[in-house]
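The values are calculated or read from the model by the stated rules, or taken from the named source; none is laboratory data. A quick note: this is a predicted structure, and the numbers were derived from the prediction, not measured. No Cβ is skipped: glycine too gets one built from the backbone with ideal geometry, and neighbour counts run over all protein chains shown. For accessibility, only protein heavy atoms count, side chains too; no ligands or nucleic acids. Shrake-Rupley method; radii C 1.70, N 1.55, O 1.52, S 1.80 Å.
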Amino acid sequence: MPQKIAAGNWKMNAPDPAEADTLARQHPDPGVTVLLCPPATLLASLSERLSQTKIQTGGQDCHTAASGAHTGDVSAAMLAAAGAGHVILGHSERRADHGESDGLVREKAEAALEAGLTPIICVGETLEERDAERTLEVIEGQLSGSLPRTDAPLIVAYEPVWAIGTGRTPTPDQIEKVHALLRAQAPSDTPLLYGGSVKGSNAAEIFAIANVDGALVGGASLTAEAFSPIVSALEAAV
Ligand SMILES: O=C(CO)COP(=O)(O)O
């Protein structure tokens, strides 16, 4: 059975780190993997802060190279040295803001695996693509272009671009169709996360969908009050 994962993507936000302590106190021994991905500058301190807890940390992006003349970038090895065990790659905000291609995401995923990190590879269609009934074709293309050419364990997150930060979520049927495709295409036992406006109030319904193994959460991961019910819903779904 794939691992169950509640992952928080803090994006370019710096919530009070005491929120992470509260979350750790509320979930001292979670029955699922709980992961917080802060901005790179906060990764080392947050990892240290959570080192005596079961909450893990991850990065939000990495470079393809291990080191070198890449001003402003951070390598996968640096994330690992700062305490990360995972790294989010190919998030739609990076694909949109930085023009990241599937090929680049694949190279980054290979670099992450090389550094001992588990990549969380994000895919998702735009509203335009969904309206044009191209969702499955788009996801299939992104996945086959972005997955590293190895059997190493990784995680895939389905995040419809139009559901991110909008309060809109796809219907359970829409999520189920995409996750069935991911299950068929990704290596067996790959945890498949859903992301896009996940909240405490809709988490249980989302976790009941076939082949949904957890969530990648943005806004609702910034406070323990908002994230804890999502973790609890996933624990209850196991
Ligand atoms: O992009 C996301 C997580 O990576 C989802 O963000 P929201 O949960 O804020 O919609």
To check you understand DSSP bridge types, tell me what percent of the beta bridges within region 121-238 (both residues inside) are antiparallel, rounded to 5. 0
Taking only DSSP H segments of four or more residues, each worth -39500 (n - 2.57), what value at 222 nm results for the chain once the sum is divided by all its residues, to the nearest 500 deg cm²/dmol? -11500 deg cm²/dmol
Give me the one-decimal nm value for the distance between modelled label points at Leu127 and Val238, 7 Å along each residue's Cα-to-Cβ direction. 3.7
Once both labels are modelled 7 Å past Cα along the beta-carbon direction, what's the Asp29-Thr71 spacing in nm? 5.2
Cα-centre dipole for the chain with unit charges at Cβ (Lys and Arg positive, Asp and Glu negative), debye to 20: 340
Taking a probe of 1.4 Å, how large is the accessible area per residue of region 33-101, in Å²? 46
Once you keep just the Cα pairs under 8 angstrom separated by 6 or more residues, what percentage relative contact order results for region 75-222? 20
Rounded to the nearest percent, how much of the accessible area of the chain (1.4 Å probe, protein heavy atoms only) is carbon and sulfur? 51
Log entry: pair-distance distribution for the chain, C-alpha pairs binned every 5 Å from zero, whole % per bin is 1, 7, 16, 20, 21, 17, 12, 5, 1, 0
Please give, to one decimal in nm, the separation of the simple spin-label points placed at Glu114 and Ala96, each 7 Å out from Cα toward the Cβ. 3.1
Only sites in a loop by DSSP and with at most 15 other Cβ atoms within 10 Å count here; which trypsin sites (Lys or Arg not before Pro) in region 85-193 make the cut? Arg134, Arg149, Arg168
